[in-house]
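J.: I'd like to ask you about the structure that follows.
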Amino acid sequence: MAKITPHLWYSDKAEEAARFYVSLLPNSRIDSIATMPTDSPSGPAGSVTVVEFTLAGQPFQAIAAGPLDSFNHAISFVINCDDQAEVDRLWDALSEGGSVEQCGWLKDRYGLSWQIVPTVLGEMMKDPDRVRGKRVADAMMKMVKLDIARLKAAYDAA
C-alpha cells in the first residue's frame, strides 16, 4: 500500500472516469469498486461509490458522493511522455469533451486538470545555458498542446 494516495471527489461518474483513465496508460487497472454500506452525509447506504484504481503504477482513489467542490487548477496530474506520438494520443483522449489550455494543460470531460508534457521539455528547461532554457520556455508559452519539434528548434536556435 502506498503511503500517500491521491483521492478524487466526483459528484458522480467516479467509476466511469477511473475506467477511462486506466484505458489510457500501461500498468493501470481498476483495483476495487464498492459502495458505502452505511448512510453518510452524501446519502443513504449504497449511494456513495468508492473506486480504487492504479494509473501507471500509482494508486488512486475516487469517490462519487454528490456535489461538494469542483476540481480546479490548484491540483493537476502531469503525464511525462516519451515522444510526440504519446503526447498526441493522450492529449486527444483526455481533451475530448473537456477543454484545452496553454502550455500543455487541459481539463478532461470530468473537470480534472492534466499536464501532458514531453520528458525532453524538463531536460531542455534545466540546461545550464539559461538562454537556451529561456528560448524553450518562451516557445512553450506560445503553445497549447506541446510540440517536441518546435521546442527542440527553439532549444537549438543560434
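Bear in mind these aren't lab numbers, they're just calculated from the coordinates by the rules spelled out. The model shown is predicted, which means the values in this text are computed figures rather than measured ones. Here the Cβ positions follow ideal geometry from the backbone for every residue, glycine too, while neighbour counts run over all protein chains shown.
J.: What's the exposure ranking of Cys103, Cys81, going from fewest to most Cβ atoms within 10 Å?
T.: Cys103, Cys81
J.: A follow-up question, please. Set the Förster distance to 41 Å, then compute FRET efficiency between Lys134 and Ala56 from the Cβ-Cβ distance, nearest 0.05.
T.: 0.85
J.: Which length gain, in nm to one decimal place, applies between Glu101 and Ala153 when the Cα-Cα distance is subtracted from 0.36 nm times their residue separation?
T.: That pair, Glu101 and Ala153, stretches by 16.5 nm at full extension.
J.: Quick one: what are the phi-derived ³J(HN,Hα) couplings along region 95-112, Karplus 6.51/-1.76/1.60 with θ = phi - 60°, whole Hz, x for glycine and proline?
T.: For region 95-112, the Karplus curve yields 7, 4, x, x, 9, 9, 9, 6, 6, x, 8, 8, 10, 7, 4, 9, x, 7 Hz.
J.: For Ile30, put the label point 7 Å out on the Cα→Cβ axis and report which residues of region 46-79 keep their amide N under 19 Å from it.
T.: Residues 46-66 qualify, since their backbone N sits under 19 Å from the label point.
J.: In nm, give the distance between the simple-model label positions of Lys142 and Asp39, each being 7 Å from the Cα along the Cα-to-Cβ direction.
T.: Each label point is offset 7 Å from its Cα along the Cβ direction, giving 6.1 nm.
J.: Hey, what's the Kirkwood Rh for region 7-64 if you take every pair of different alpha carbons, in angstrom?
T.: Kirkwood hydrodynamic radius for region 7-64: 11.5 Å.
J.: Here is a further query. Summing +1 for each Lys or Arg and -1 for each Asp or Glu, what net charge is found among the other residues whose Cβ lies under 9 Å from the Cβ of Pro59?
T.: -2
J.: Kindly provide the Kirkwood hydrodynamic radius of region 84-143 in Å, to one decimal, from all pairs of distinct alpha carbon atoms.
T.: 12.4
J.: Kindly provide the trypsin sites (Lys or Arg not before Pro) of region 1-105 that DSSP labels as loop, not H, G, I, E or B, and whose Cβ sees at most 10 other Cβ atoms within 10 Å.
T.: Sparse-neighbourhood loop trypsin sites (Lys or Arg not before Pro): Lys3.
J.: Then there's this: How many lysine pairs does the chain hold where the Cα atoms are under 21 Å apart and the two sit 8 or more places apart or on different chains?
T.: Value for the chain: 11.
J.: Please state, to two decimals, what the Cα-based radius of gyration of the chain comes to when divided by 2.2 N^0.38 Å (N = residues).
T.: Working it through for the chain, the quotient is 1.22.
J.: Here is a follow-up. Rounded to the nearest 5, what is the percent of antiparallel bridges among the DSSP beta bridges in the chain?
T.: DSSP beta bridges in the chain are roughly 65 percent antiparallel.
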